[in-house]
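Heads up, the thing below is written out as structure tokens.
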Amino acid sequence: MKITILFALLISLSAFSFQRNSYYQDELTIWQDVVKKSPQKARGHIEIATEYQFKGSIDKAVEHFQTAIKLKSNNPLPYNNLGIIFQSLGMTEKATEYFYKAIEVRPRFALAYYNLGIIFQSKGMSDAAIQHYLTAIEQKPTLSEAYYNIGSIYASKGDINKAIEYFNSAVELKPEFTEAHYNLGILYVRSGNIEMAVKKFKNALATNPKHRQSIEYLNRIPSLQRQGVNLPH
């Protein structure tokens, strides 16, 4: 099942961005101008680094995140995003170091715990992953992706009831969470509850009408019923 990864983003000043859009081509150009005019302010370097990160200019993103840290070492955002970059490059030890540094400077920083959970989950260390996801939820109870990833761990363990519990929590927090609806459908198929499975696949399609896997499963429902998976009474 898909593991969802979160980026830690600063909230841009929407009014500022709106006023400048008629003069600048994109957000990257805006923040290049900000950094040029105020090179000693960490905020500009974080924003431009995030833009480079999205555009795939990893070396430049790393350079600006590191500059931001030098200018303001107590901000967890650049540490967290450097962790995400190194994680994407397969450098999990270095990524882990940066995530823990983010927690060191801000112990209640939920996204760092979440991203550490992803690392532990990818290593097959499910107990450690769950613990870090739960800590992230303690700090940020609306973090639907953490509930989703815990659900995926329990699903892989074959604990359908716990998996359903956490996937349901994910969609309660984020009704448009297509993958969570879809995985609930899969779990209900496994448990023999075709009626609920159909409902969840339709919920997935309501959020994404082109979701191929949900369409395929709905098309397979008559076959599943012929195989003896019946509607509950």
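Numbers for the structure displayed
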| read-out | value |
| --- | --- |
| Residue satisfying all of: in segment 122-132; touching a residue at least 24 places away in the same chain (Cβ under 8 Å) and in contact with a Phe, Trp or Tyr (Cβ under 8 Å, 6 or more places away or on another chain); surrounded by the fewest Cβ atoms within 10 Å (Cβ to Cβ) among these | SER126 |
| Tabulated pairs, segment 184-204, first touching a residue at least 40 places away in the same chain (Cβ under 8 Å), second part of a helix (DSSP H, G or I) and open to solvent by 30 Å² or more (accessible area, probe 1.4 Å), C-beta under 8 angstrom, 6+ apart or interchain | VAL189/TYR217 |
| Filtered residue count, segment 112-135, keeping only those that are more than 18 Å from GLU179 (Cβ to Cβ), of a type in the set (A, V, I, L, M) and assigned to a helix (DSSP H, G or I) | 6 |
| Filter result for ALA155 (under 25 Å from ARG108 (Cα atoms) and either assigned to a helix (DSSP H, G or I) or touching a residue at least 40 places away in the same chain (Cβ under 8 Å) (or both)) | no |
| All positions within segment 158-185 that are in a loop (DSSP other than H, G, I, E, B) and over 16 Å from LYS210 (Cα atoms) | GLY158, ASP159, LYS174, PRO175 |
| Within segment 147-187, considering residues that are among the aliphatic types (A, V, I, L, M) and within 11 Å of ALA204 (Cβ to Cβ), the one surrounded by the most Cβ atoms within 10 Å (Cβ to Cβ) | ALA180 |
| Qualifying residues in segment 198-213 (those that are in a helix (DSSP H, G or I), among the charged types (D, E, K, R) and open to solvent by 40 Å² or more (accessible area, probe 1.4 Å)) - the one nearest to ILE164 (Cα to Cα) | LYS199 |
| Condition met for PRO222 (open to solvent by 50 Å² or more (accessible area, probe 1.4 Å), under 22 Å from GLY151 (Cβ atoms) and modelled with pLDDT under 90) | no |
| Per-region count, segment 182-201, residues of a type in the set (Val, Ile, Thr) and within 25 Å of the chain's Cα centre (by Cα) | 1 |
| Residues that are open to solvent by 20 Å² or more (accessible area, probe 1.4 Å) and charged (D, E, K, R), drawn from segment 41-68 | LYS41, ARG43, GLU51, LYS55, ASP59, LYS60, GLU63 |
| Filter result (under 14 Å from ASN115 (Cα atoms) and open to solvent by 40 Å² or more (accessible area, probe 1.4 Å)) within segment 135-146 | GLN139, LYS140 |
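The values are calculated or read from the model by the stated rules, or taken from the named source; none is laboratory data. Worth saying up front: this structure is predicted, and the values here are computed from it rather than measured. For neighbour counting, all protein chains shown are included, and Cβ atoms are generated from backbone atoms with ideal geometry for every residue, glycine included. Accessible surface is based on the protein model in full, side chains and every heavy atom, while ligands, DNA and RNA are left aside. Shrake-Rupley method; radii C 1.70, N 1.55, O 1.52, S 1.80 Å.
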